[in-house]
1. Quick check: anything in the range 56-65 touching a helix residue (DSSP H, G or I) at 6+ places or on another chain (Cβ under 6 Å), open to solvent by less than 10 Å² (accessible area, probe 1.4 Å) and among the acidic types (Asp, Glu)?
2. State which residue pairs qualify: first residue open to solvent by less than 60 Å² (accessible area, probe 1.4 Å) and inside the range 682-693, second residue assigned to a helix (DSSP H, G or I) and basic (Lys, Arg) in any location, beta carbons under 6 Å apart, and separation of 6 or more residues or different chains.
3. Can you run down the residue pairs with Cβ atoms below 8 Å, 6 or more apart or on separate chains, where the first is in the range 364-381 and over 10 Å from TYR543 (Cα atoms) and in contact (Cβ under 8 Å) with a residue 40 or more places away in the chain and the partner is among the basic types (Lys, Arg) and in a helix (DSSP H, G or I)?
4. Specify which of the listed residues (ARG611, ARG545, ARG593) is of a type in the set (D, E, K, R), touching a residue at least 24 places away in the same chain (Cβ under 8 Å), open to solvent by 10 Å² or more (accessible area, probe 1.4 Å) and within 30 Å of GLN450 (Cα to Cα).
5. Do we find that ARG77 is among the charged types (D, E, K, R) and on the phi > 0 side of the Ramachandran plot in this structure?
6. Search the range 507-521 for residues being charged (D, E, K, R) and in a helix (DSSP H, G or I), and hand back the single one that is most open to solvent (accessible area, probe 1.4 Å).
7. For the range 118-136, indicate whether the set of residues that are under 21 Å from the mean Cα position of the chain (by Cα) and among the β-branched types (Val, Ile, Thr) is non-empty.
8. Among the candidates ALA466, ALA504, single out the residue that is farther than 25 Å from ASN373 by Cβ and open to solvent by 10 Å² or more (accessible area, probe 1.4 Å).
Amino acid sequence: MLPGSLDDPGFLRFLLRHLLTARAVEERCITNVRQGIQPKFFSAWGNEATAVGTAAALMPHDVLVPMHRSLGAHLVRGHSLDELFLQMFLKGASQTRGRDTGIHLGAPGTNIVGMISPLGSMNSVAAGIAMAEKMMGEDTVTLAFIGDGGTSTGAFHEAINLIGARRLPVVTVIENNQWAYGTPNDHQFGCEALADRGIGYGMPGVRIDGTDLPTVYRAAREAVERARSGGGPTLIESLTMRMRGHAEHDNQHYVPEGVLEEWAKRDPVDQFLAWLDARGALADFDIPGLKAELDAAVLEAVDRARHAPDTAPETATLGVFAGDGGDDLPVPDNGSRVSLAPTPVEVRTRTADHAASIDGAVTDLPAVGSSANYLQAIRECMRWRMKTDPRVLVLGEDIGGMGGPFRVTEGFLDEFGDQRVVDMPISEAAIVGASIGLALRGLLPVAEMQFSDFVASGFNELVNNAGTFRYRIGCPVPMVVRLPSAGGVGAGPFHSLNPEGWFAATPGLKIVVPATLEDAWGLMNSAIDDPDPVLFVEQKYLYRRLKGALPAREHRTPIGVARTARAGDAATVVTWGIGVERCLDAAAAIADRGLGEVEVIDLRSIIPWDREAIAASVRRTSRLLVMHEARRTLGFGAEIAAWAAEELFEWLDSPVRRVTALDVPIPSNKGLERAVTPQVADIEAAIAGLLAW
């Protein structure tokens, strides 16, 4: 039902039904957990008015970014009892197919975005969704929840700062439950009211009684209408009490005596019934009959969910990446489908229409075959994709007027406008989180980290958020994160990271490392095409040193396919990035010494990586050396070496060797840097030792 009037009996019936349904679900889930038939439950008892009242202020095309106490909002937005309980019981037909817990609901193709457990991380996703809708010229409003404890996270502050800085149509609702798990508010923050923070981020801050449904609805509707009309975001602090523990195993022993009893007097259901009675409207409703009807419906849904099939165990490995078999898994329907996200065709059409309205001189691309360097190949590929696909946009720190620290995006702002070339706050978590939101709405964001080292500040958004969406709920997250990486230029310990080892252990993230101009273009093309998040690890040492001819504009380097940079039969050297040039020089020196022809394989893609290319080479050469500039301990070479020892043992005539950087930060002094990173002489000596085995 669309937002209505509190004077409309039909709308009041709508609110009452969802409020009572939320309470009926609460009561049944608590009983289920006590009886040991339901795995887990995070109670929203006391939050019903906040969840129902805020969601009821939305239009169907608006977007909900819920939390784990947003049960009433899910009901208002159209989630059925069957969907709720299938999820609670982790069944195969649940929206997460048993892969995620509790009420982490959000199906592909809907306007409800499934949450993750690290609190605060979804608010930047909400910002990205709002950016996407604004870019498409829509009047969509995004409603995002956060708990009082979650407002202490840096991710939340980065998100709210971004929302305020860009005046995004986002309504953020803080459910102030008085306790962040077992920590009270006076240990969480020093301000009198969390709503007071709104003004500091450039938005109104409103504090309301979150147990009073009419009050919640009025405040939410005003904020939603403000956002929709271009008035910007609002921060609402809804004062409630978490009447039960964080989860059902928590007995709330930390809450002082009498507190729960006082809050029980403000029960949201009792208050709304009293409000209706005071208006003379309660007589219009058969409350006992309605409660009995809802209790029966809940019991029936529980019974159906309990007896529904579990997910087949053999599917547990599917759906990490597109094309691995997970795409064939059934995607549960969203019940009434009250809220639908735009299709890819609609997204392309809307962005094209909106992009056409942006003024700016569009300059020609350099000709195919013209001379360029590694940096220009990356730059011109992005420009070509932005010119030919209005869904592609770039975002990062200082990328607009400045063109980024390496000037990769210089001139993009004038060419494509500030909605497709987004200067972001110095906020890596917000950059990555916003990219997720943009991608979930069908756009193709390319985010820049100024240096790969800085991605540590956005680590959670990548590993727990971007990397999990497809596996958890089947949602593709087509985004690229550019990481200027590696040493060789005396940039020091905070500007020389080789990050591939950090992320290689994270399911759901792809990692590519171009070592040639052709692959800089081809892998960027493929990364933008890819329906999964891709980390594009650029070798800044090569930016202006490596030169060649620009490839055909449609040139794509397949992700997951290595190349043979030099053929040979004496030994196999596997490397990537700036290691390729050094290994080629070392292999040439070995050949000049008459020790044999060494095969050099440029891995190009870390995840997925080309095992067969390595295996085929080792079966010919019987020797394997892995070289990378990343530190030795847990560098990706360790994974290759361990795999080779397990799978290629019968073909090996010598131990697998590694040549890597030492386990120290990269020093700024170039002499010190060379001392701790592998040089050509180190690689040559290692190959010679391998051949002499």
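The values are calculated or read from the model by the stated rules, or taken from the named source; none is laboratory data. What you are looking at is a predicted structure, and each value in this text was computed from that prediction instead of being measured. Counting neighbours? That spans all protein chains shown, and the Cβs are built from the backbone with ideal geometry, glycine included. Please note that ligands, DNA and RNA were not included when accessible areas were found on the heavy atoms of the full protein model with its side chains. Shrake-Rupley method; radii C 1.70, N 1.55, O 1.52, S 1.80 Å.
1. Among the residues of the range 56-65, not one is touching a helix residue (DSSP H, G or I) at 6+ places or on another chain (Cβ under 6 Å), open to solvent by less than 10 Å² (accessible area, probe 1.4 Å) and among the acidic types (Asp, Glu), which makes the answer no.
2. Final answer for the pair search is ILE683/ARG582.
3. Qualifying pairs under 8 Å: LEU365/ARG383; LEU365/LYS387.
4. ARG545
5. Values: among the charged types (D, E, K, R): yes; on the phi > 0 side of the Ramachandran plot: no.
For ARG77, the condition - among the charged types (D, E, K, R) and on the phi > 0 side of the Ramachandran plot - is not met.
6. Narrowing the range 507-521 to residues charged (D, E, K, R): 510, 518-519.
So of that shortlist, the ones also in a helix (DSSP H, G or I) come out as 518-519.
Working: GLU518: 79, ASP519: 7 Å².
If we take residues in the range 507-521 being charged (D, E, K, R) and in a helix (DSSP H, G or I), then GLU518 is most open to solvent (accessible area, probe 1.4 Å).
7. Scanning the range 118-136, I find at least one residue that is under 21 Å from the mean Cα position of the chain (by Cα) and among the β-branched types (Val, Ile, Thr), so the answer is yes.
8. None of the other options fit; the residue is ALA504.
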